[in-house]
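Below is one structure; the comments refer to it alone.
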Amino acid sequence: MSTVNVEELTSKKCQPCHGGVPPVPRHEVEQLVAKLPGWQITDDGIRIRREWVVKNFMTAIDFFNRVAQLAEDEGHHPDLHLVGYRNVAIELWTHAIGGLSESDFIMAAKINQLPVVLKTR
């Protein structure tokens with residue numbers, strides 16, 4: 001899977017995972033994250049995370065609503081975090097396998113396509 005590019009990821013649909021399959025190996029996770037601007041592997045190595053500082057509280061809520069709609073459409077639901085009123089973070093991982101699946105990278109690529117109004121200096 002690590003040879004896949006971002007365009008290929010965004011053309012795929014997330015697939016439900018009910019367990020019984022191994023997580024994506026760490027070396028493949030590292031290669032895939034390198035192709036997804038802004039995403040990082042968490043310290044525990046089982047999630048990917050991206051953070052944004054958005055314009056204001058309503059921008060954060062609007063962004064979360066668009067991510068939530070995408071998640072419903074894809075059937076793959078990220079962990080959404082709002083810290084303060086404009087610090088937004090999203091974490092992706094597949095709970096059923098305790099690690100990362102291809103669907104996590106598909107969601108990350110699709111989230112990256114969503115417009116977001118960032119805080120300006």
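The values are calculated or read from the model by the stated rules, or taken from the named source; none is laboratory data. Here the structure is a predicted model, which means the values were calculated and not measured. Heads up, the Cβs are rebuilt from the backbone with ideal geometry, glycines too, and the neighbour counts pull from every protein chain shown. Note: areas computed on protein heavy atoms with side chains; ligands, DNA, RNA excluded. Shrake-Rupley method; radii C 1.70, N 1.55, O 1.52, S 1.80 Å.
Observations on the model:
- Filter result for Gly38 (within 20 Å of Gln113 (Cβ to Cβ) and not in a helix (DSSP H, G or I)): yes
- The residue that is modelled with the highest pLDDT, counting only those in segment 106-121 that are open to solvent by 50 Å² or more (accessible area, probe 1.4 Å) and not in a strand (DSSP E or B), is Gln113.
- Looking across segment 71-105, the residues that are hydrophobic (A, V, I, L, M, F, W, C), open to solvent by 30 Å² or more (accessible area, probe 1.4 Å) and either in a helix (DSSP H, G or I) or more than 24 Å from Gln31 (Cβ to Cβ) (or both) come down to Leu80, Leu82, Val83, Ala96.
- Looking only at segment 8-29, and only at residues there that are open to solvent by less than 90 Å² (accessible area, probe 1.4 Å) and under 12 Å from Ile46 (Cα atoms), the one that is farthest from the chain's Cα centre (by Cα): Pro25
- Of all residues making up segment 30-56, the number that are open to solvent by less than 50 Å² (accessible area, probe 1.4 Å) and either free of Cβ contacts under 8 Å to residues at least 12 places away in the same chain or of a type in the set (Ser, Thr, Tyr) (or both): 1
- Residue match in segment 80-87 (condition: among the charged types (D, E, K, R) and in contact with a helix residue (DSSP H, G or I) (Cβ under 7 Å, 6 or more places away or on another chain)): yes
- Looking only at residues of segment 57-70 that are of a type in the set (S, T, N, Q) and loosely packed, with under 14 Cβ neighbours inside 10 Å, we find that the one that is nearest to Cys17 (Cα to Cα) is Gln69.
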